[in-house]
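Scroll down for the structure; my scribbles are underneath it.
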Amino acid sequence: MEGGVVLEGFLHKRGRLRGDMVRRWYRLLDNGELVWQQDKASEVKGRLSLSPETTLGPGAEYAREELYGFALEDGKGRTRELLAPSRGDRELWLHGMCSVIAVLGNDVEAVREVRQR
């Protein structure tokens, strides 16, 4: 993996085959890569390159399961639903991704706005 780690931790994602929610260890890198593994020590199972075209938004709240969702649209028409274990973790991930995307797009004002929240 290239790039420094901006944020890492467990999130849930919707599985491609059965559509159920699976827990994965995610790392957000400063070069815009979002990578995931089964757990912290396992090999990388997938990766996504964030770009200025990537959009983030709120997702469903799964209060029964105490998971808090957000949506990541990759700019190519694919939307991924991710779930954080708490509202605070969801906010950390959203702010971290927004900051990385803003830096990738050289949008210094957006980075300042995210940091001030």
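Within segment 69-97, residues that are free of Cβ contacts under 8 Å to residues at least 60 places away in the same chain reach partners that are among the acidic types (Asp, Glu) with beta carbons closer than 7 Å, at six or more positions or on different chains, in the pairs Gly69/Glu61; Gly69/Glu81; Ala71/Glu81; Gly75/Glu53; Thr79/Glu73. Checked against (1) over 11 Å from the mean Cα position of the chain (by Cα); (2) at pLDDT 90 or above; (3) not in a helix (DSSP H, G or I), Leu82 passes all but condition (1).
For Gln38, the conditions (1) open to solvent by 80 Å² or more (accessible area, probe 1.4 Å); (2) at pLDDT 90 or above; (3) within 14 Å of Val100 (Cα to Cα) all hold with the exception of (3). Taking residues in segment 34-50 that are at negative phi, and partners anywhere that are surrounded by 16 or more Cβ atoms within 10 Å (Cβ to Cβ) and of a type in the set (Ser, Thr, Tyr), the pairs with Cβ atoms closer than 7 Å and at least 6 places apart or on different chains are Leu34/Tyr26; Trp36/Tyr26. Considering every residue within segment 14-22, establish whether at least one is more than 10 Å from the chain's Cα centre (by Cα), at positive phi and open to solvent by less than 40 Å² (accessible area, probe 1.4 Å). Yes, that holds for at least one residue. Taking into account only those residues within segment 41-60 that are open to solvent by less than 30 Å² (accessible area, probe 1.4 Å) and of a type in the set (Gly, Ala, Ser), which is farthest from Ala71 (Cα to Cα)? Ranking the candidates gives Gly46 first.
The values are calculated or read from the model by the stated rules, or taken from the named source; none is laboratory data. For clarity, every value in this text was computed on a predicted model and none was experimentally measured. All Cβ positions, glycine included, derive from the backbone under ideal geometry; neighbour counts span all protein chains shown. What goes into the accessible areas is simple: the full protein's heavy atoms, side chains included, and nothing from ligands, DNA or RNA. Shrake-Rupley method; radii C 1.70, N 1.55, O 1.52, S 1.80 Å.
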